[in-house]
Amino acid sequence: MIKNEFLGWKKSEIIWLLIAVSVILGLSIYWGDTTLAIISATTGVMCVVLTGKGKISSFIFGLINIVTYIYIAYVARFYGEVMLNAIYYLPMQFVGIYFWNKNMNNDTYEVVKNKLKFKTWILIIIGIVMVSIVYGFILNLLGGNLPYIDSFSTVLAVVAMIMIVKRLTEQWYLWICVNIIMIGMWIWNFYHNQDNLATLLMWGVYLINAIIMLFKWKRESEICLQKEKIV
């Protein structure tokens, strides 16, 4: 299983992984960010790139990222992020490992990709909007910063994580939205507190990665569907 994590990589994918990690490390160290923030950002970048590649090891890096990010988000008073990571993301890493392990492509050494039906996709979007409004109201009562923005990004991320486990291409549309929102939130935090630059950079790399992986998964999910029709 460990050996498979190193197989099936294209040169361009390896270069992207190295660039993403190097940017986070270099700029974070230059700006003097905390060791915890750098660890969180670096493992987070490793996680999303490996998720896009379809490698199970993404969940291992995800565990490290989640534990460190919980503390960072708590200090910044982004309580929606704290609850999302502690209650949901943490156990979902183990769920992801289980389901991905059962759906690996023996030829590419990557997870098999799927797509949603259009009607199901529309219902999911409607549900996201409705739940975001209710959850935002709750976060506002708790005194959290940017409650409705925090709520929307949290609900998007919950649904996107389910899509990761189910290997759905549409997850990357949601991650793009999440990343844009989170970049705005952490820019706000950096402007007011002058800290957690590594976390801000992490979300920027997440956004670039989500765009790249959207095209990768769309292409590969179409190939998988064509093979199923032939069979």
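The values are calculated or read from the model by the stated rules, or taken from the named source; none is laboratory data. Values in this document were obtained by computation on a predicted structure and should not be read as measured data. Backbone-built Cβ (ideal geometry, glycine too); neighbour counts: all protein chains shown.
Determine if the range 83-105 includes at least one residue that is within 29 Å of Glu222 (Cβ to Cβ), of a type in the set (Lys, Arg) and touching a residue at least 60 places away in the same chain (Cβ under 8 Å). Looking through the range 83-105, none of the residues is within 29 Å of Glu222 (Cβ to Cβ), of a type in the set (Lys, Arg) and touching a residue at least 60 places away in the same chain (Cβ under 8 Å).
Scanning the range 181-203 for residues that are within 12 Å of the chain's Cα centre (by Cα) and surrounded by fewer than 19 Cβ atoms within 10 Å (Cβ to Cβ) yields a count of 0.
How about the range 59-94: which of its residues are more than 22 Å from Val155 (Cβ to Cβ), of a type outside the set (A, V, I, L, M, F, W, C) and crowded, with 20+ Cβ neighbours inside 10 Å? If the condition is that a residue be more than 22 Å from Val155 (Cβ to Cβ), of a type outside the set (A, V, I, L, M, F, W, C) and crowded, with 20+ Cβ neighbours inside 10 Å, then Thr68 is the only one that fits. Looking across the range 171-180 at every residue that is closer than 20 Å to Met130 by Cβ and surrounded by fewer than 20 Cβ atoms within 10 Å (Cβ to Cβ), the one that is modelled with the highest pLDDT is identified as Tyr173. In the range 60-71, the count of residues that are in contact with a Cys (Cβ under 8 Å, 6 or more places away or on another chain), over 28 Å from Gly136 (Cα atoms) and not β-branched (Val, Ile, Thr) is one or more.
Matching residues to (1) out of contact with any strand residue (DSSP E or B) (no Cβ under 8 Å at 6 or more places or on another chain); (2) among the small types (Gly, Ala, Ser); (3) within 24 Å of Ile176 (Cβ to Cβ); (4) assigned to a helix (DSSP H, G or I):
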site	(1), (2), (3), (4)
Trp9	yes, no, yes, no
Leu18	yes, no, yes, yes
Asn65	yes, no, yes, yes
Glu81	yes, no, yes, yes
Phe94	yes, no, no, yes
Ile97	yes, no, no, yes
